[in-house]
Structure formats: C-alpha cells, structure tokens
1. Could you look at the range 134-243 and say what percent of its accessible area is carbon and sulfur, using a 1.4 Å probe and all protein chains?
2. In Å and on Cα atoms, what radius of gyration and Dmax does the chain show?
3. Taking every pair of distinct Cα atoms and averaging 1/r, then inverting, what Kirkwood hydrodynamic radius in Å comes out for the range 152-258?
4. Per residue, how much accessible surface does the range 1-140 expose to a 1.4 Å probe? Answer in Å², no decimals.
5. Using 18 Å as the Cα-Cα cut-off, could you pick out the over-long pairs in Lys24/Lys143; Lys112/Lys221; Lys101/Lys238; Lys65/Lys143?
6. Counting only helical runs of four or more DSSP H residues, what would the 222 nm mean residue ellipticity of the chain come to if each run contributes -39,500 (n - 2.57) and the total is spread over all its residues?
Amino acid sequence: MSVNYKAIAKLLESAEIKKSEVTKITMDYPEISIEDAYIIQEEIVQIKLAKGHKVVGPKMGLTSKTKMRQMGVEEPICGYVFDYMIEDSGTVNFSDFIHPKVELEIAFLMGKDLSGSNITVSEVLDATDYVMMAVEIIDSRYKNFQFTLRDVVADNTSASCIIVGNTVRKPKDLDLRMVAGSLTINGEIVATGMGANILGNPAESIAALSRMLYKRNKFIKRGDLIMAGAMTEAIPIKMGDIVFAECSGLSAITFKVD
Ligand code: OOG
Ligand code: MG
C-alpha cells in the first residue's frame, strides 16, 4: 500500500486540534518505516507553518535509558515544539488535552547554529546561551497513549505544551548531569530523576539531536529552544491537580490543571 503522507499528517494534526484520539497509523499502514514517519511529521510542521505558527525549536524524546528499554529501541526520537504550545499563565486547561502526562526536562537556548554528525558535548555547551528547567506536557493523539516508535514519530512525538522555568543559567556554571529533579502532584512526590538520566548528560541529547537532524539535511539553529527529553517517567495529570516541579541549581515551576 502506498503511503499518503499528507493525508496521515492531516489526520494527526486534526486529532490534535479536536482533542480526539485516533487509531495508531501502523494499524492501517503496517509497512510504514521510521523514515516515512519523519516525512509525515515534516508534513505536520508544514501544516502548522501554513497556519502561521512558528517553530520554537526541536525536541528530543525517549532519551532516558529506562524509557528506551521500555520501548525496545536504542535511538531516541525528535519532533518540534511550536509557539502556541508555550504556556506561562500558571494554569493549563484540561480541556486542551486528550490524556495529558507531565515530564521534567531541561531546555537549551542556542546561541549558535550547530550542524553535523560528530558534535561533542563541549561543542554543544559552547553553542548554548542558557539552560533552563522545563516541564513538558505530552499528549499522544493515539488511543490509550499506546503506539510504536513509528507512530509516535509521525505524531510529532506527542508534543503538546511546554512550560519553561524563569531562571536561566549559563550551561558551564553547573554540571547538568548532577541536576536533581522532582515532580510533585498535590503535595506528593510522584517522580524523581537526574540530568544524567538524559543520555548520560542532557548536552549529549543535543549532540544526538544534531546527528538525527543531519541525516535529514537539517540542523540546530541559533535561537532554537530545545527540550532535551524527560529525566523522569511521564506522569498522568487530571483536572484539579497542582503540579510542582523543581530542579536543583535551576528553579521551580508550578501550575494548576483547571
Ligand atoms: C513520546 C514523547 C517522549 C520525552 O521527553 O521522552 C518525550 C511519548 O512518550 O509520548 O517527550
Ligand atoms: Mg518530553
């Protein structure tokens, strides 16, 4: 069966807009490859740009060894975050999601372009203006939040919402591997993790992103705000929750699910 990239992209994009879940695309297209999935993702980017949205930056996903093992893969995935996904009001609306989950992350604000398949951690740190803590709310468009790697790549890696901490640090002023994070919901600690959970070093995640983009003739751009991937597992949130996220040496983020 030939794959209609544009039609699948439209289906997934409209599921995001309508907050209505759809069947995994690998059910209908079992032969789809990971490269096909990235082409579908790129079609979604084109739909967003045509609507006037802007790319904030690429995002990495499945960067923790535990998450990769769970999925049975050795490679992380990447997608894109758009301007309308940034939330800074202290409240997120539950009705904006299908089945949201919260993750604790580190974000990199890039001061230089970065391109190539052999980028080192120190080159990443040199090219980074600031690091911040961030929370990502992922929201798979697939039923029961279940998918294969190809499905989730096509679905723009479940990207839905990000909240960025308001303390910025120079990346060389702290050891990103040692950043200790915790996620608390309604006063109860629900997940903890360290920077080192993200491919050994969150900066390594940015180097891996450079490699992945390079394969598709893309690169990291000056001004990109990049989510390095979760240091904790993703935790479901529900209406009324008060979420508090904290990272040592960075800052804290709190918001209500309304
Ligand atoms: C895919 C996105 C994962 C992360 O930080 O690992 C992700 C998913 O689990 O739905 O954003
Ligand atoms: Mg994430």
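1. 50
2. When restricted to the Cα atoms of the chain, Rg and Dmax are 17.1, 53 Å.
3. About 15.5 Å, per the Kirkwood formula over Cα pairs.
4. 46
5. Violating the 18 Å Cα-Cα cut-off are Lys65/Lys143.
6. Per the formula, -8000 deg cm²/dmol.
The values are calculated or read from the model by the stated rules, or taken from the named source; none is laboratory data. These numbers were taken from a predicted model, which means no experiment stands behind them. Heavy atoms of the whole protein, side chains included, go into the accessibility calculation; ligands, DNA and RNA do not. Shrake-Rupley method; radii C 1.70, N 1.55, O 1.52, S 1.80 Å.
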